[in-house]
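The values are calculated or read from the model by the stated rules, or taken from the named source; none is laboratory data. From a predicted model like this one, the values you see are computed outputs, not experimental measurements. Cβ atoms come from the backbone with ideal geometry, glycine included; neighbour counts cover every protein chain shown. In case anyone asks, the SASA skips ligands and DNA or RNA and just uses the protein heavy atoms, side chains included. Shrake-Rupley method; radii C 1.70, N 1.55, O 1.52, S 1.80 Å.
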Amino acid sequence: MLLTITTTRPPATDLGFLLHKHPDRVQRFEQSYGTAHVFYPEASADRCTAALLLEVDPQALLRTRRAGANSPDFSLAQYVNDRPYAASSLFAVALGDVFRSALRGRSAARPDLADSALPLTLALPAVPCRGGPDLARRLFEPLGWRVDAEPVALDPGLPDWGDSHYIGLTLTGHLRLADALSHLYVLLPVLDGHKHYWVSGDEVDKLLRAGEGWLAAHPERAWITRRYLARRTQLVRAALARLSELDDLAADGCDPLAALPDTVATEPAEEEPPVPDHPAPSGSGGSGEPGESKAPAAGHGTPAPAAAAHGGAEPPGERGPSLAERRAGAVLAVLQAENARSVLDLGCGPGRLLARLLDHPGFDTVAGTDVSAAVLEQARRRLRLDRRPEHHRRRLTLFAASALYTDPRFRGYDAAVLMEVIEHVDPPRLPALAHVVFGDAAPRTVVVTTPNVEYNVRYPTLPEGAHRHTDHRFEWTRAEFRAWADDTAATYGYRVRYLPVGPEDPEVGASTQMGVFTR
């Protein structure tokens, strides 16, 4: 199995700093099923290519594998197969091991480069992909890649035999190297459809970590999740529930699994009826989402997790508004009750709450801000401003800014919203945020929502003590949130009342807690 990574950003040899592998050396990394090699076929100031070559020992693979429901049960097939040659879950595991620091976006020598988008070309000569080039394009193009996928002939000397289910895949684009590697780490085993190890509950956290920043917004996220987790229904439901709250992209009151088509299986499922080997066509609901125009405007920007009305996976057979929808609806209701005519959404993210505010004629002025210019651009696309009426465009302002620094553009609004934002701020910086929002901007109303950590026990796959999202700096109990809110209100001359979001569990409360501050 082979992957090459090429960049042309000068000095191109700085790629070695990002991969933590020196261009002048060949390095070996032993795996339980073979050996991975990293080397540089070319390394100059103008162009640098790093290669990851994985040599698989079929006998070692046989010794280490755990047979699952998708494994052939006859002896010869355990030796005669494509595992040593085609990029699969074996290759994804090796990639995660060999390029661990690069996958996490870490580079002590060049942190600025690790955070920068680079011109990249990734090439894999053999990728199993039963859906063909169209499937590869559907998975990678939404992530910003130009996809060149060429079917591999069964036998070049016998063209009448047709194509195999392998493709040669080349991806070209401007992305952070960490993002590029995370796309491969998740999507290679998804394309393959097989995993060489048992899929357990910790795979949910692995998927959410690797897919952070892109999976929740992917149009095929439900299909990707189902495939990555080997169609294990409980794990898939838990992952989709957490993804839905991560970026507030829950389906419009539907069960995301129910929206996946259930036809034409090419492989047996482990715990449920078979599913097709490729996503459904756009607009058919194969991603677990209705069309974009029907998606709820659940709002917020800084990801926070959960999904169903109960915050975790919904009980089988029960459907209703997602937690993200309930949260956005609760914020909207509070803003209306407070007679706010102008609203500032701090940490607006992809713009779901902004869409709801724009659709409501009672709000004369709507503004959204986020620290990421890329996220604001995503909000512009999702809001489809070019298709909205002129009066919608006149009412909206988007700008990049941080809620940790005073900004005159924050002033003059009736209300400000911090929806699933504060838990992404390091605790020592919370006083700065409070000063900016309550002291300097000082709107008449401030709405704050944040996860209730007591509810985390209702997430079946969330490890004890873990946060719902890897970027959360903390998650508060109801008492801790009230202590912070009471102190903030007293300091800046506000009153605060508390509202639950979502059904309240008699033991642990609601999944989301809300504080409504009025000056």
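Below are the figures for this structure:
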item: Mean projected area (nm²) of the alpha-carbon convex hull when the stretch 322-406 is viewed from all directions; result: 5.9
item: Distance histogram for the stretch 368-504 (every C-alpha pair counted, 5 angstrom bins, percent rounded to whole numbers); result: 2, 8, 15, 19, 18, 15, 12, 7, 3, 0
item: Accessible-area composition of the stretch 359-426, carbon plus sulfur, in percent [1.4 Å probe]; result: 50
item: Sequence of 106, 384 from largest to smallest accessible area, 1.4 Å probe; result: 106, 384
item: Shape call, the stretch 385-430: gyration tensor on alpha carbons, a/c limit 1.5; result: prolate
item: Phi to ³J(HN,Hα) by Karplus 6.51 cos²θ - 1.76 cosθ + 1.60 over the stretch 129-145, Hz, x for Gly, Pro; result: 7, 5, x, x, x, 4, 5, 4, 5, 5, 8, 9, 4, x, 8, x, 8
item: Globularity index of the stretch 180-239, i.e. its alpha-carbon radius of gyration over 2.2 N^0.38 Å; result: 0.99
item: Amide H contacts under 5 Å for residue 152, placed H, 5+ residues apart; result: 164, 166, 167, 168
item: Dimensions (Å) - the stretch 433-519, Cα atoms, principal axes, largest first; result: 41, 27, 17
item: Where labels lie 7 Å past Cα in the beta-carbon direction, separation of residue 477 and residue 174 in nm; result: 4.9
item: Compactness of the stretch 107-162, expressed as Rg and Dmax over alpha-carbon positions, Å; result: 16.7, 54
item: Inter-centroid distance (Cα atoms) of the stretch 222-245 relative to the stretch 124-182, Å; result: 24
item: Rotationally averaged projected area of the stretch 108-218 (alpha carbon convex hull; nm²); result: 8.8
item: FRET efficiency for residue 155 and residue 373, using Cβ-Cβ distance with R0 set to 45 Å, rounded to 0.05; result: 0.35
item: Karplus 3J(HN,Hα) series, Hz, for the stretch 225-242 with 6.51 cos²θ - 1.76 cosθ + 1.60 (x for Gly, Pro); result: 4, 4, 6, 4, 8, 6, 6, 7, 3, 4, 5, 5, 4, 5, 5, 5, 4, 5
item: Mean separation of Cα contacts under 8 Å (6+ apart) over length of the stretch 351-489, as relative contact order %; result: 20
item: For the stretch 450-458, 3J(HN,Hα) per residue [Karplus equation, 6.51 cos²θ - 1.76 cosθ + 1.60, θ = phi - 60°, Hz, x = Gly/Pro]; result: 7, x, 9, 5, 4, 6, 4, 5, 8
